[in-house]
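Everything below concerns the one structure shown next.
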C-alpha cells in the first residue's frame with residue numbers, strides 16, 4: 001500500500017511539472033503554498049550595501065526533497081551592482097524543512113528598496129525521480145529590521161532612513177550672512193565632505209522652501225564642485241525697511257538615499273544697515289581728525 005501511494009505521488013509530481021502530453025521546454029512555475037521564501041532579517045550598511053537573511057521553507061508533502069540554486073533578487077527602484085548568496089545551493093527535506101539563505105547586496109547607488117522578489121532554479125525529487133521547476137516569489141514589502149547596528153523592528157523604512165549613519169557631513173558653514181542693502185545679490189557656499197574629511201564632488205545640495213518676501217534664490221539646488229563646495233546666490237527684496245532686525249533661516253540638505261544631513265544658514269537683516277533707521281538714510285558723514293586738545297571741530301552729516 002505504501003509503495004502504491006508513493007508511485008501515485010511521483011506520477012502526480014511528474015504530471016504537475018511536465019504537463020499532460022506537453023512537449024514544450026519551458027519550465028513550469030510553482031507557487032508560494034509549496035515553497036516559501038520570506039525575509040527574516042535585514043542589515044543596511046554604509047557604502048550602498050544591504051544584507052538580507054531569507055527564511056526558506058519546504059511546504060511539499062512527505063518525502064519530497066527540494067534543491068534550490070541560481071538565485072536572483074529583484075529590488076524595486078534600486079539597481080544591483082553585485083550580489084552574493086550563501087549558500088549558493090540550498091537543499092531541504094522533511095527532516096530539515098527550513099533553512100536561512102543569506103544575500104549580500106551591493107547597489108549601484110545609495111538606495112533603500114521598498115519591495116523585493118526572488119527567483120530560483122528548483123529541483124523536486126522523490127524516490128530517485130526528479131524534475132526541474134522555476135520558482136518566482138510575488139513582490140513583497142521589504143521591512144527593514146537592522147540599520148547600521150541599530151535594532152528597531154517597529155520602525156518603517158522611512159523612519160529608519162532618518163537613523164542611518166550619514167556618509168557625508170557639511171563643513172565651512174557660514175555663521176551668518178549680513179543683509180544690509182535692498183535688491184542686492186549675496187553669494188554664499190557650503191562644503192561637503194565624507195566621514196574621512198575628504199571632499200565630495202558631484203553631490204546635489206538643496207535648500208528647503210522659505211518665505212520669499214525676504215528675497216529670492218537664484219536656484220534651490222547646487223552640485224558640489226571639484227572642491228566640494230555648493231554655491232548659492234540670494235538677492236534681497238527690493239525693499240528691506242520692514243525686514244530690519246529680522247532673520248531668515250535657510251535649511252540646506254543632502255539626501256543620499258541612505259541618509260539625510262542638514263545645515264542652517266542665517267541671513268540677518270541688520271538694523272544698522274547703511275544707517276537705515278525709521279525710513280531715513282544717513283550719508284556724507286565727515287571724517288574728523290582731532291589734532292589739538294580743547295579745540296572746537298565741526299561735524300556734518302546729511303539726513
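The values are calculated or read from the model by the stated rules, or taken from the named source; none is laboratory data. Being a predicted model, the structure only gives us computed values, none of them experimental. Using ideal geometry, Cβ is built from the backbone for each residue, glycine included, and neighbour counts are taken over all protein chains shown.
Numbers below:
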| quantity | calculated |
| --- | --- |
| Residue list for the stretch 204-254, restricted to those being part of a loop (DSSP other than H, G, I, E, B), touching a strand residue (DSSP E or B) at 6+ places or on another chain (Cβ under 7 Å) and touching a residue at least 40 places away in the same chain (Cβ under 8 Å) | 208, 210, 214, 237, 240 |
| Total residues in the stretch 82-114, condition at pLDDT below 90, more than 17 Å from residue 40 (Cβ to Cβ) and loosely packed, with under 13 Cβ neighbours inside 10 Å | 4 |
| Meets criteria (assigned to a strand (DSSP E or B) and at pLDDT below 85) for residue 44 | yes |
| Residue check, residue 227 over 23 Å from the mean Cα position of the chain (by Cα) and modelled with pLDDT under 90 | no |
